[in-house]
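Inspection log for the structure reproduced underneath, given as structure tokens.
The values are calculated or read from the model by the stated rules, or taken from the named source; none is laboratory data. The structure presented is a predicted model; accordingly, all values stated were derived computationally and were not measured. Positions of Cβ are generated from backbone atoms using ideal geometry, with glycine treated the same way; all protein chains shown enter the neighbour counts. Side chains are part of the model used for accessible areas, which takes the heavy atoms of the whole protein and leaves out ligands, DNA and RNA. Shrake-Rupley method; radii C 1.70, N 1.55, O 1.52, S 1.80 Å.
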Amino acid sequence: MKKPLNKWLIYCGAVGVGIVNGLLGAGGGMLAVPLLKSAGADQKQAHASSIALIMPLSLFSAILYLCQGRVALSDAAVYMPAGAIGAVIGAWLLGKISDKWLRRIFALFMIWAGVRMWMK
């Protein structure tokens, strides 16, 4: 079993997650999962904890954007019901998928996101 990260590295990583999440939306999860795994969580714990971490960060960022007038709630409201349904399905699937496949799916999404960002 590998040794968990130093607490200061975890705190610095968490600041990085918050910065990335604030800049890119919910992109902090791509940093949070590896950080949580390095801190000693197993694959599924890291993904579930990442969601638990990203949700309040995203809510806080959304409130700041709303207060600054950078987004209208009506623009996002259209996507919220389908997103909630997807979240329920994803949480259910997390318990059904093996760690091996979860890592592969996560890697594919990271590659896909990177390619999309690179091409734009």
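Of the accessible area of segment 59-110, with the probe set at 1.4 angstrom, what percent is carbon plus sulfur?
Values: 3130 of 4200 Å².
Of the solvent-accessible surface of segment 59-110, carbon and sulfur hold 74 percent.
From the residues A72, A82, A39, which one has its Cα farthest along the dipole of the chain in the positive direction, the dipole being from +1 and -1 charges on Cβ of Lys/Arg and Asp/Glu about the Cα centre?
A39
For the chain, take the longest principal axis of its alpha carbons; what is the angle in degrees between that and the long axis of helix 43-67, to the nearest 10 within 0 to 90?
The angle comes out at about 20 degrees.
From the square roots a ≥ b ≥ c of the eigenvalues of the alpha-carbon gyration tensor of segment 75-118, which class results: rounded (a/c under 1.5), prolate (a/b over b/c), or oblate?
Values: a/c = 5.83, a/b = 1.15, b/c = 5.08.
Oblate, since a/c reaches 1.5 and b/c is not below a/b.
Using the alpha-carbon atoms, what tilt in degrees (0 to 90, nearest 10) does helix 99-119 show relative to the longest principal axis of the chain?
For helix 99-119, the angle is close to 50 degrees.
Residues of the chain: accessible area per residue at 1.4 Å, in Å²? Walk me through the intermediate numbers first.
Numbers: 8960 Å² over 120 residues.
Result: 75 Å² per residue.
Roughly speaking, what is the stretch gain from I19 to A82, that is 0.36 nm per residue apart minus the C-alpha to C-alpha distance, in nm to one decimal?
On the way: separation 63, 0.36 × 63 = 22.68 nm, distance 2.65 nm.
Gain on extension, I19 to A82, equals 20.0 nm.
Please go through the residue pairs K96/K120; K37/K100; K37/K96; K100/K120 and name each one whose alpha carbons sit more than 25 Å apart in this structure.
Working: K96/K120 35 Å; K37/K100 14 Å; K37/K96 19 Å; K100/K120 31 Å.
As for pairs spanning more than 25 Å Cα to Cα, those are K96/K120; K100/K120.
For the chain, take the longest principal axis of its alpha carbons; what is the angle in degrees between that and the long axis of helix 80-94, to the nearest 10 within 0 to 90?
10
Among I89, I54, I63, which one shows the highest mean-square fluctuation when the chain is modelled as a Gaussian network with alpha-carbon springs under 10 Å?
Most flexible of the set in this elastic network: I89.
Suppose only helical runs count, i.e. DSSP H with n ≥ 4. What mean residue ellipticity at 222 nm does that imply for the chain under -39500 (n - 2.57) per run, divided by all residues and rounded to the nearest 500 deg cm²/dmol?
On the way: 6 runs with 94 residues, N = 120.
Here the helix-only value at 222 nm equals -26000 deg cm²/dmol.
Hey, if you put +1 on the Cβ of every Lys and Arg and -1 on every Asp and Glu Cβ in the chain, which of W8, L59, W92 ends up farthest toward the positive end of that dipole?
The residue sitting most towards the positive pole is W8.
If I ignore ligands, DNA and RNA and count only protein heavy atoms, how much of K7 is accessible to a 1.4 Å probe, in Å² to the nearest 10?
140
At 25 °C and 0.890 mPa s, grab the translational diffusion coefficient of the chain from Stokes-Einstein with a Kirkwood Rh over Cα pairs, rounded to a whole number in µm² per second.
On the way: Rh = 15.8 Å.
Stokes-Einstein gives a translational diffusion coefficient of 156 µm²/s.
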